[in-house]
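Read the structure below first, then the notes.
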Amino acid sequence: MEHVSALFAAEAARTDGFMRRIRKAARNIDPAPVAVWLMGSVARLEDSMLSDLDVAMVWSGTAQAGLKAFNQAINGAASAVGLHVSIVRLSVAEVRQHALARDEWWQSLATDAVPILGPAPRTLVDG
């Protein structure tokens, strides 16, 4: 049982380190994103070894300059732990449009997204 506990502890440390790298990369962008969320199968805890990591980045405006650096930082962090990352870039206005439409994508995001940085989807929209 001790070995299994050690494996779980190692996985938790690996995950925490990865999340710290994503937060650091997001904070180093100028302007920083309003929010960064995990979404999809990883957020729902339904992922498998073949799942990619879906990340949503929400901007207050158009922030093209820092996006390349953030993509490189996330992909570097993901490669270090054997993950493939898919990044969805959204403006706050786009998130609000999805929320107003109450479309299937929004319902899934509002229910399942895990905030890495900034507010959760519903807080962002309602806030």
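What do you get for chymotrypsin sites (Phe, Trp or Tyr not before Pro) in segment 1-37 restricted to DSSP loop and a cutoff of at most 10 other Cβ within 10 Å of the site's Cβ? Write down the numbers at each step before the final one.
On the way: sites: PHE8, PHE18, TRP37; in loops: none.
Listed in order of number, the matching sites amount to none.
Return the equivalent ellipsoid semi-axes of segment 8-52 as a descending list in whole Å, where each equals the square root of 5 times an eigenvalue of the C-alpha gyration tensor.
Values: eigenvalues 104, 44, 11 Å².
Ellipsoid semi-axes (Å, largest first): 23, 15, 7.
Each residue of segment 18-24 in turn: what ³J(HN,Hα) in whole Hz from Karplus with 6.51, -1.76, 1.60 and θ = phi - 60°, glycine and Pro shown as x?
My calculation for segment 18-24 gives 5, 5, 4, 5, 5, 4, 4 Hz in order.
Considering only protein heavy atoms and a probe of 1.4 Å, how much of the accessible area of the chain is carbon and sulfur, as a whole percent?
Values: 4240 of 7670 Å².
C and S fraction of accessible area: 55 percent.
Only loop residues by DSSP count here, and only those with at most 10 other Cβ atoms within 10 Å; note down the GluC sites (Glu not before Pro) in segment 20-122 that meet that.
Details: sites: GLU46, GLU94, GLU104; in loops: GLU46.
Sparse-neighbourhood loop GluC sites (Glu not before Pro): GLU46.
Could you give each residue of segment 116-127 its phi-based ³J(HN,Hα) in whole Hz, using Karplus coefficients 6.51, -1.76, 1.60 with θ = phi - 60°, and x for Gly or Pro?
9, 8, x, x, 5, x, 5, 5, 4, 6, 7, x
What does the charge count around ARG21 come to, taking other residues whose C-beta lies under 15 Å from its C-beta (Lys +1, Arg +1, Asp -1, Glu -1)? Numbers along the way, then the final one.
Working: positive: ARG14, ARG20, ARG23, LYS24, ARG27; negative: ASP16.
Combined, the nearby Lys, Arg, Asp and Glu give +4.
In Å², what does the accessible area per residue of the chain work out to with a 1.4 Å probe? Working shown, then result.
Values: 7670 Å² over 127 residues.
Each residue of the chain exposes 60 Å² on average to a 1.4 Å probe.
Using alpha carbons only, how many degrees (0 to 90, rounded to 10) separate the axis of helix 92-101 from the longest principal axis of the chain?
The two axes meet at around 80 degrees.
Candidates (i) 40, 26, 24; (ii) 49, 31, 25; (iii) 63, 23, 20; which is the computed Cα extents along the principal axes in Å?
It is the value labelled (ii).
The values are calculated or read from the model by the stated rules, or taken from the named source; none is laboratory data. Small disclaimer: the values here were computed from a predicted structure and weren't measured. Backbone-built Cβ (ideal geometry, glycine too); neighbour counts: all protein chains shown. To get the accessible areas, we keep the full protein, side chains included, count just its heavy atoms, and leave off ligands, DNA and RNA. Shrake-Rupley method; radii C 1.70, N 1.55, O 1.52, S 1.80 Å.
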